[in-house]
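These notes concern the structure reproduced below.
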Amino acid sequence: MTKHIFVTGGVVSSLGKGLTCASIGMLLESRGLRVRMQKLDPYLNILPGILSPFQHGEVYVLDDGSETDLDLGHYERFTSDRLTRNSSWTTGLLYQEMGEKERAGEYNGVTIQVIPHVTSIIKEKIANLDSDDVDVVITEIGGTVGDMESLPHMEAIRQFANDIGKQNCLFVHLTLIPYLKAARELKTKPTQHSVGRLLSIGIQPDMIVCRTEQPIPAEERAKIALFCNVPADCVVEERDADFSIYEVPMALHANKMDETIVSLLGLKAAEPNLTAWREMLERMHHPEQEVTIAVVGRYADHKDAYKSVYEALDHAGGANRTQVRIRRIDSENVTRQETRQILENVDGIIVPGGFGERSLDGTVEAVQIAREKGIPFFGVALGIQSAMIEFGRNVVGLNDANSTEYDRTCENPVFCLLKDDKDPEDGVRRGSRKVNLAAGSKAAQIYGTEQIEERHRHRYEFDFQYKAKFEEAGAVLSGEAETGSHLEVMELPGHPWFVAVSFHPEFKSQPTKAHPLFADFVAAAVRHRG
Ligand code: GLN
């Protein structure tokens, strides 16, 4: 039978619940257990894809094309679970589904209420992940205990545990133990209050995970255990990881969290095998050199807007025993002389994904600097538009080369709306597609294969009418969709490292398995630095 772990958060938001869930998943997998991850978000949006990256960070895209919260990125980076649209539900989506059910007459005219209807649909989504090939489902409840919005979720998981038997469920509560500098004391009261709130909803947490800046002394731990009504070994310290988020699982492991979970849920599990993870951390801890990579994009100022790109660079750094320093450059500042100077002196330039008018000009200039100065360049999604527009204008000689995303009336729209293989409603191509790579191309050599599968999220593509002109001018169009419908990869052979792709390779990079393109790009940056 599939067991369930529910992770709630208390005291304050942004405690890193997603990372804690991902770390628990990773630890259980290291013991040979099969896990499935899920996030239930209490907000009302139905389209996470149009949430502002400034407010909400990156939109993380799954194989099936679902656009989700960036926590799902942590899940996929830490575990081998490949998520689907069943792994991410906002309350808005649940309400939408309930509206459809009502229209279909499924409620038989009864009054539709939070209890039992909203709670039932939440329980359905949780139970939906049960399967013979899953030992443990880990469900993260978004928000903080005490939020009005997450009350139905709390009620639903309370009922769920009651339905399937308390022994098959585990409630993990993540809280903050603040350190008061003046008093030189860790404070447990907020945690006691937060657990008190959970208890008033009928949930007795089984484990308390404590985010803390300072080690929690045994007597404080005993106090938390006593007041929160759990055994002392169920109070787990999660100290701030100052080096890397990938240390979090090790910190939880050092506090025997996986052992305690396995025993509380009565799981048959192997001894943990953490060798690959430890080796990865060891490589990251002991870099032999460093490089600086500029990430030039419109959302560069927001620390989470290109989350997966930054993570993929870290993984690639680990693979190359290299410390990757990231310079975030707002694409709107590229025209400034001092910004140009920074760009001319970095070891590699990335133009990541982006939407909307103001993204383009600065990124095109960044491409030009990279191309002309021989700086390793990696274009991702929007980055292939920027790269090909720059090449079109400055090498092919199409002065007004542009994308219809930015200029609908330009004479040479080298990028135009997708022709086929797109969502009929909004014209976006989303999710995994097979890509054929030209034999002998740099891309094929880097991947070590001529067919790959990568995730997409774009509305514009290269217009094949311009293919011959670009090739004559020296561009190698080295990757096409398996269906032949569109261009996927462009590279410049005479350049030390210049690859642009229409997909998002960053979504498939993992700390122990750096994505080949990112790994090779960082290797090129190391060579560039010399
Ligand atoms: N805005 C571009 C497009 O829609 C690029 C999308 C992206 O960067 N993901 O094609």
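The values are calculated or read from the model by the stated rules, or taken from the named source; none is laboratory data. Note that the coordinates shown come from a computational prediction; the quantities given were computed from them, not determined experimentally. With ideal geometry, Cβ positions are generated from the backbone for all residues, glycine too; neighbour counts draw on all protein chains shown.
Please count how many residues of the range 498-508 are in contact with a helix residue (DSSP H, G or I) (Cβ under 6 Å, 6 or more places away or on another chain), surrounded by 24 or more Cβ atoms within 10 Å (Cβ to Cβ) and not in a strand (DSSP E or B). Total meeting the criteria: 3. Scanning the range 110-151 for residues that are in contact with a Lys or Arg (Cβ under 7 Å, 6 or more places away or on another chain) and either more than 16 Å from R36 (Cβ to Cβ) or in a helix (DSSP H, G or I) (or both) gives G142, V145, G146.
The residues of the range 373-420 that are away from the ligand (no atom under 13 Å from the Cβ) and acidic (D, E), listed by number, are E390, D400, D407, E411, D420. The strands (runs of 3 or more DSSP E) found entirely in the range 1-109 that carry 2 or more residues being over 19 Å from the mean Cα position of the chain (by Cα) are 3-9. Scan the range 325-357 for residues that are more than 19 Å from F498 (Cβ to Cβ), in a strand (DSSP E or B) and touching a Phe, Trp or Tyr at 6+ places or on another chain (Cβ under 9 Å) and the total you get is 3.
Of the candidates G474, G448, G479, G484, the single residue that is out of contact with any Cys (no Cβ under 9 Å at 6 or more places or on another chain), free of Cβ contacts under 8 Å to residues at least 12 places away in the same chain and not hydrophobic (A, V, I, L, M, F, W, C) is G484.
Under the condition of being touching a Lys or Arg at 6+ places or on another chain (Cβ under 9 Å) and under 16 Å from I384 (Cβ atoms), the residues counted in the range 429-449 number 2.
Can we say S485 is within 16 Å of the ligand (Cβ to nearest atom), modelled with pLDDT under 95 and either more than 18 Å from E372 (Cβ to Cβ) or polar (S, T, N, Q) (or both)? So S485 passes the test.
Among the residues of the range 401-421, those identified as assigned to a loop (DSSP other than H, G, I, E, B) and farther than 12 Å from L360 by Cβ are R408, T409, E411, N412, L418, K419, D420, D421. Taking the range 450-493 as the search range and keeping residues that are among the β-branched types (V, I, T) and more than 26 Å from the chain's Cα centre (by Cα), which one is farthest from L382 (Cα to Cα)? Out of the qualifying residues, it is T483. Annotation: E471 fulfils all but one of (1) acidic (D, E); (2) away from the ligand (no atom under 14 Å from the Cβ); (3) assigned to a strand (DSSP E or B); the unmet one is (3).
Checked against (1) without any contact (Cβ under 8 Å) to a residue 40 or more places away in the chain; (2) under 26 Å from E482 (Cβ atoms); (3) not in a loop (DSSP other than H, G, I, E, B), P424 passes all but a single condition, namely (3).
Does K101 qualify as being out of contact with any Lys or Arg (no Cβ under 6 Å at 6 or more places or on another chain), touching a residue at least 60 places away in the same chain (Cβ under 8 Å) and either within 17 Å of I5 (Cβ to Cβ) or surrounded by fewer than 19 Cβ atoms within 10 Å (Cβ to Cβ) (or both)? When the stated conditions are applied, K101 does not pass them. The residues of the range 8-28 that are crowded, with 21+ Cβ neighbours inside 10 Å and within 26 Å of A276 (Cα to Cα), listed by number, are K17, G18, L19, T20, C21, A22, S23, I24, G25, M26, L27, L28. Here R158 passes the criteria (1) over 18 Å from R197 (Cβ atoms); (2) part of a helix (DSSP H, G or I) except the one numbered (1).
Only residues that are among the hydroxyl-bearing types (S, T, Y) and surrounded by 17 or more Cβ atoms within 10 Å (Cβ to Cβ) were counted across the range 245-291, and they come to 2. E480 meets all of the listed conditions (1) under 30 Å from P413 (Cβ atoms); (2) of a type in the set (D, E); (3) away from the ligand (no atom under 16 Å from the Cβ); (4) assigned to a helix (DSSP H, G or I) but one, namely (4). Quick check: anything in the range 169-178 more than 27 Å from the chain's Cα centre (by Cα) and hydroxyl-bearing (S, T, Y)? Scanning the range 169-178, I find no residue that is more than 27 Å from the chain's Cα centre (by Cα) and hydroxyl-bearing (S, T, Y), so the answer is no. Can you find a residue in the range 192-208 that is part of a strand (DSSP E or B) and under 20 Å from I24 (Cβ atoms)? Within the range 192-208, one or more residues are part of a strand (DSSP E or B) and under 20 Å from I24 (Cβ atoms). Checked against the criterion of being part of a loop (DSSP other than H, G, I, E, B) and either surrounded by 23 or more Cβ atoms within 10 Å (Cβ to Cβ) or touching a Gly at 6+ places or on another chain (Cβ under 9 Å) (or both), the range 358-373 contains not a single residue that satisfies it.
Scanning the range 298-319 turns up at least one residue that is surrounded by fewer than 18 Cβ atoms within 10 Å (Cβ to Cβ), among the acidic types (D, E) and under 19 Å from the mean Cα position of the chain (by Cα).
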